[in-house]
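Written out below as structure tokens is the structure these notes cover.
The values are calculated or read from the model by the stated rules, or taken from the named source; none is laboratory data. Just so you know, these numbers come straight off a predicted model, no measurement behind them. Every residue, glycine among them, receives a Cβ derived from its backbone with ideal geometry; neighbour counts consider all protein chains shown.
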Amino acid sequence: MEFARPFLLLLIPLGVVLFLWRQRAGREPGALRHSHLRLLSSETSSALVKFANLMPWLILLALVMLLVALAGPRIPHRSEEVEGHGIDIVLSLDISGSMRSLDFEPEDRLGAAKNVIRKFIEGRPHDRIGLVVFAQKAFTQCPLTLDHPVLSGFLDEVQIGLIEDGTAIGLGLATAVARLRHSDSPSRTVILLTDGVNNVPTLEPETAVELARSLGVRVYTVAIGRQGLVPFPVDDPIFGRRTRQMETKIDLELLLKIADSTGGQMFQATDPDALDKIFKTIDELETARYKTTVSTWYRQLMPWFALPALLILLLEGILTATWLRRLP
């Protein structure tokens, strides 16, 4: 245990000394002359009187506990410098409507991608990992963090419909790269997962590639799903949810260009096993030495001292106003 304001503990000895001096000064010497001292038995002191004499010591205990509480007692969970193999990784995940395609049964494309990403995160406990999602627009779902349970929680919340439909590959890549611009890791990586063609001219993919190259960010691109006719769920107002065959297209040429231009690789997954193997391959390719400091947090113990002290003072106030009341 340590104290946030240890200098306040110096007041405890001073307060004890003042209390003892006051107790001693309050005892006035006196004499009593009486012809029959046997009438004054020592047993006349009742338990109530003894308890009343004990009250000043309880008040002293309460004041000491309040001073300890004000000093900020706490149990520290120390920060430590961790060194090992790891990199800074930002996952950029497509959540456009086409990710509902059912060619990754029993999941749709997005569900299969989330399952594999979750295992990937669990397998890299010492990496800082962030998450960006994109459709017509892009935003950071979770910044770079070592707190992977929190990251997994944000991943669970990802669903189609969070952003207006579209496939802004350039914007999704640029947003992910921007999350790495202040990184001091020796290896900075973006894993871009998409199943479509860039159809939002907000930011061209070529511009995002130049940004990645200027910052030394390596980009791995993963094409999810197969091209051509794939099963797709359709909500019919009369017959309910049905599955129809719909045409899908993936710009493999663009994804290959992005990967080659940044020193990464392009992969295509047409089933859950292939997607899992792709992430295992990326996991083996991306290793680097890193050093980071884990933050310190404290368990505050102030209530454990302050609450009993306040209860003692409250009890003293009630007793002195009732059973221990002194009449002039």
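Just the residues that are under 20 Å from Asp88 (Cβ atoms) and out of contact with any Gly (no Cβ under 6 Å at 6 or more places or on another chain), please, taken from region 159-182.
Listed by number, the residues that qualify are Gly172, Leu173, Ala174, Thr175, Ala176, Val177, Ala178, Leu180, Arg181, His182.
Residue by residue through region 312-328, note down the ones that are surrounded by fewer than 12 Cβ atoms within 10 Å (Cβ to Cβ) and modelled with pLDDT of 65 or more.
Leu314, Gly317, Ile318, Ala321, Thr322, Trp323
If only one of Val190, Val177, Val197 is in contact with a Phe, Trp or Tyr (Cβ under 9 Å, 6 or more places away or on another chain) and either modelled with pLDDT of 95 or more or surrounded by 14 or more Cβ atoms within 10 Å (Cβ to Cβ) (or both), which one is it? Explain how you work it out, then say what you get.
Numbers: Val177 fails: in contact with a Phe, Trp or Tyr (Cβ under 9 Å, 6 or more places away or on another chain); Val197 fails: in contact with a Phe, Trp or Tyr (Cβ under 9 Å, 6 or more places away or on another chain).
Criteria check complete, one pass: Val190.
I'd like to know if region 91-99 contains one or more residues that are hydroxyl-bearing (Ser, Thr, Tyr), modelled with pLDDT of 95 or more and either touching a Ser or Thr at 6+ places or on another chain (Cβ under 7 Å) or crowded, with 24+ Cβ neighbours inside 10 Å (or both).
Among the residues of region 91-99, at least one is hydroxyl-bearing (Ser, Thr, Tyr), modelled with pLDDT of 95 or more and either touching a Ser or Thr at 6+ places or on another chain (Cβ under 7 Å) or crowded, with 24+ Cβ neighbours inside 10 Å (or both), which makes the answer yes.
So, in region 270-291, of the ones that are touching a strand residue (DSSP E or B) at 6+ places or on another chain (Cβ under 6 Å) and surrounded by 14 or more Cβ atoms within 10 Å (Cβ to Cβ), which residue ends up farthest from Glu210 (Cα to Cα)?
Pro272
Is it the case that Thr145 is of a type in the set (Ser, Thr, Tyr) and over 14 Å from the mean Cα position of the chain (by Cα)?
no
Could you tell me which of the residues Leu54, Leu66, Leu9, Leu48 is at pLDDT 75 or above and within 20 Å of Glu316 (Cα to Cα)?
Leu66
Looking at (1) within 16 Å of Ser96 (Cβ to Cβ); (2) in a helix (DSSP H, G or I), which is the one condition that is false for Thr167?
The number of the failed condition is (2).
Considering only region 168-182, how many residues are closer than 16 Å to Ala135 by Cα and either touching a residue at least 60 places away in the same chain (Cβ under 8 Å) or not assigned by TED's automatic domain parsing to the domain that holds Val209 (or both)?
Total satisfying the criteria: 5.
Looking at region 225-274, which of its residues are closer than 23 Å to Arg179 by Cα and either in contact with a Lys or Arg (Cβ under 8 Å, 6 or more places away or on another chain) or without any contact (Cβ under 8 Å) to a residue 24 or more places away in the chain (or both)?
Result: Asp260, Ser261, Thr262, Gly263, Gly264.
Restricting to region 100-144, name every residue that is loosely packed, with under 15 Cβ neighbours inside 10 Å and either in contact with a strand residue (DSSP E or B) (Cβ under 6 Å, 6 or more places away or on another chain) or within 23 Å of Leu171 (Cα to Cα) (or both).
His126, Phe139, Pro143
Given the criteria at pLDDT 70 or above and not hydroxyl-bearing (Ser, Thr, Tyr), does Pro308 qualify?
So Pro308 passes the test.
Among the residues of region 178-206, how many are of a type outside the set (Asp, Glu) and more than 22 Å from Asp165 (Cα to Cα)? Lay out the reasoning, then the answer.
So the first thing to find is which residues in region 178-206 are of a type outside the set (Asp, Glu), and the list is 178-183, 185-194, 196-203, 205.
If we keep only those that are more than 22 Å from Asp165 (Cα to Cα) as well, we get 178-183, 185-190.
Residues flagged as of a type outside the set (Asp, Glu) and more than 22 Å from Asp165 (Cα to Cα) within region 178-206 amount to 12.
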